[in-house]
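What follows draws every value from the coordinates through simple rules; no lab data is involved. Computed from a prediction, not measured in an experiment: that's the story for all the values here. Neighbour counts run over all protein chains shown; Cβ positions are idealised from the backbone, glycine included.
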Amino acid sequence: MIKQGEVASIYYENWGMNEIQAGSVYFIYKKMKNGWERMNQELAFTDILMTLQPTAIHVEHIDLKGLKEGSYKIIKGFYRDIRMGNTGFQLGVEFKISNKESK
């Protein structure tokens, strides 16, 4: 459970045998009655390439300011070496924001 206004730290670890790459773009979705709705549509990203070698770990800090109480997910796209025949995949993590103090 994350408190409103906090920063989420997401750790990416490459367990594969080949490098993977990702840009700085991520998408935040909020769970609504009719499904998931994208929340960060107005957010602009600097296009920075991140390359993770096998066994490498990368940490990304995502500002959750402005998100109200509820269930969310963050989705990020990754790419493998095109020569291996795999062009891309997405990973995500779900979390909840609460205004209440955790005990």
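Per-residue 3J(HN,Hα) values for segment 33-39, derived from phi via the Karplus relation 6.51 cos²θ - 1.76 cosθ + 1.60 with θ = phi - 60°, read 4, 9, x, 9, 10, 5, 9 Hz in sequence order (x marks Gly and Pro).
Taken one residue at a time, the phi angles of segment 7-16 give Karplus couplings (6.51, -1.76, 1.60, θ = phi - 60°) of 10, 9, 9, 10, 9, 10, 10, 8, 8, x Hz. Gly and Pro are set to x. The modelled label-to-label distance for the pair R80/E19, using points 7 Å beyond Cα in the direction of Cβ, is 1.7 nm. Phi angles across segment 21-31 convert, under the Karplus curve 6.51 cos²θ - 1.76 cosθ + 1.60 with θ = phi - 60°, into 3J(HN,Hα) values of 10, 8, x, 8, 6, 9, 10, 10, 10, 10, 6 Hz, Gly and Pro given as x.
Amide H contacts under 5 Å for M39: I28, Y29, K30, restricted to partners 5 or more places along the chain or on a different chain, H placed in the peptide plane at 1.01 Å from N.
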